[in-house]
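These notes are about the structure you will find just below.
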Amino acid sequence: MAPNFVPIKIILFAKTFINTLQFSCSMLDKEEFTKIRKEMDALEQEREHVIQLSRDIISLSKRIIYSINRAEMKEAASYAKEIEAKKKELDKVKVSLDVNINRVAYQEYVEAVSYYEYAAKGSIPTKAALKVETDDYLMGLCDLTGELGRKAVYEVIKGNFSEAAKIRELVDEIHGEDTIKWNLQKIEDVIFDLKMKGKLK
């Protein structure tokens, strides 16, 4: 069954209409409109719940990435557990929105968890493992390549040239979209420069 989709403008209009409606007219069923009011209230509450969960996931994704970049893996692991719990809770809500914040949340989730898995285990989780839609998975990977590009630069600064090359290979595997190819080119330029300077074979 498709999820309920009620734009917020319709919800607000319906509530205003019902609240101001005079039920003296015998052609309207007061009991039915009371039920409709309750349905609108429930939908609005679910909508606000989705928005708050999405904001929490987006915030946690940034904390995960920030912790990894500071080599604080214990904190990153804690945030990773927290974001999984929030994501599972968001999955249970079946209300579609007229805004895309929940889609953004899923994409940020893919980016952050994939970055964490790479930093902790050296691998990227599959779409099936993350239990997300294809579009959200691909967009999350596109964002991930940007973060990997920055990490490659950090590794070069620290003298970890082999790690930068490893990241380059990973981004090379994540291909297909223009954004991904652009981030790959940035890393290619760094690797080429290192080879020219004799710092990487």
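Every read-out reported here was derived from the displayed coordinates using simple, explicitly stated rules and does not represent laboratory data. These figures come from a predicted structure and were not determined experimentally. Here the Cβ positions follow ideal geometry from the backbone for every residue, glycine too, while neighbour counts run over all protein chains shown.
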- Query: Of the listed peptides 68-76, 147-155, what is their order by residue-averaged count of other C-beta atoms within 10 Å, with the highest listed first?
  - Reply: 147-155, 68-76
- Using a cut-off of 20 Å between alpha-carbon atoms, which aspartates and glutamates can reach Lys92, once sequence neighbours fewer than 8 places away in the same chain are excluded? Glu39, Asp41, Glu44, Glu46, Glu48, Asp56, Glu82, Glu84, Glu108, Glu133, Asp135, Asp136
